[in-house]
Amino acid sequence: MIKEQTGNLFEHLVDGCVIPHCVNNHSPGQWGSGFVLQIDKYLGAQPKKDYVGWSKNKLIGLGSTRFSTLRNKEITVAHMWAQHETIREAYKPVRYAALVKCMEKVDKYCKTYDKTIIAPRFCSGLAGGNWDFIKELIDEIWCDLDVTIFSL
């Protein structure tokens with residue numbers, strides 16, 4: 001079931017949830033704007049530490065997904081490499097084919113470990129994606145999961 005809600009998603013986290021978000025492949029290890037700042041604030045340093053370490057690996061690229069599990073909270077952050085570079089005028093860095101691959105990996109992870117998804121409107125902010133299209137992907141790919149999407 002897919003629900004949309006307004007508010008701060010970090011105030012609604014539950015044990016066993018996955019928080020997917022979009023990261024870019026252009027600046028390995030760069031973590032300094034957008035949703036990641038909220039991850040730092042509410043979840044601490046581990047997701048950033050994991051992301052920076054993975055980003056330096058030349059084998060990680062578009063379509064890759066890596067999971068940071070916060071053991072004390074039973075919360076997982078899914079880093080989805082679905083953005084090429086950063087947004088510029090008349091250029092949208094989101095890569096939908098990569099996003100689909102990432103979302104399929106999140107789907108498999110959630111089904112394997114019996115997880116739910118609590119997510120921001122990923123890939124539609126700094127990545128420049130079309131939220132209506134991304135929502136269609138969510139409806140298709142994550143149709144069998146419990147998904148809550150938050151917007152401010």
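The values are calculated or read from the model by the stated rules, or taken from the named source; none is laboratory data. Remember, predicted model here, so these are calculated numbers, not experimental data. A quick note on method: Cβ atoms are made from the backbone with ideal geometry, for glycine too, and the neighbour counts reach across all protein chains shown. When the accessible area is computed, the model is the full protein with side chains, heavy atoms only, and any ligands, DNA or RNA have been set aside. Shrake-Rupley method; radii C 1.70, N 1.55, O 1.52, S 1.80 Å.
Out of K48, K41, K3, one residue alone is closer than 24 Å to K111 by Cα and open to solvent by 70 Å² or more (accessible area, probe 1.4 Å). It is K3. Pairs linking a residue in segment 57-76 that is touching a residue at least 40 places away in the same chain (Cβ under 8 Å) and over 26 Å from R95 (Cβ atoms) to a residue that is part of a loop (DSSP other than H, G, I, E, B) and open to solvent by 20 Å² or more (accessible area, probe 1.4 Å), with Cβ atoms under 8 Å and 6 or more positions apart or on different chains, are K73/L13; K73/D15; E74/D15; I75/L13; I75/D15. Looking at segment 98-117, is at least one residue closer than 21 Å to L37 by Cβ, at pLDDT below 95 and surrounded by 13 or more Cβ atoms within 10 Å (Cβ to Cβ)? Among the residues of segment 98-117, not one is closer than 21 Å to L37 by Cβ, at pLDDT below 95 and surrounded by 13 or more Cβ atoms within 10 Å (Cβ to Cβ), which makes the answer no.
Pairs linking a residue in segment 31-48 that is free of Cβ contacts under 8 Å to residues at least 40 places away in the same chain to a residue that is part of a loop (DSSP other than H, G, I, E, B), with Cβ atoms under 6 Å and 6 or more positions apart or on different chains, are K48/W31. Assess whether F150 counts as being buried (at least 17 other Cβ atoms within 10 Å of the Cβ) and assigned to a strand (DSSP E or B). Here the answer is yes, as F150 does meet what is asked.
Could you tell me which residue of segment 74-88 is modelled with the lowest pLDDT, considering only residues that are closer than 27 Å to H12 by Cα, of a type outside the set (F, W, Y) and surrounded by 15 or more Cβ atoms within 10 Å (Cβ to Cβ)?
Q83
Screening S68, S124, S151, S55 for residues that are modelled with pLDDT under 95 and within 13 Å of the chain's Cα centre (by Cα) leaves exactly one candidate, S124.
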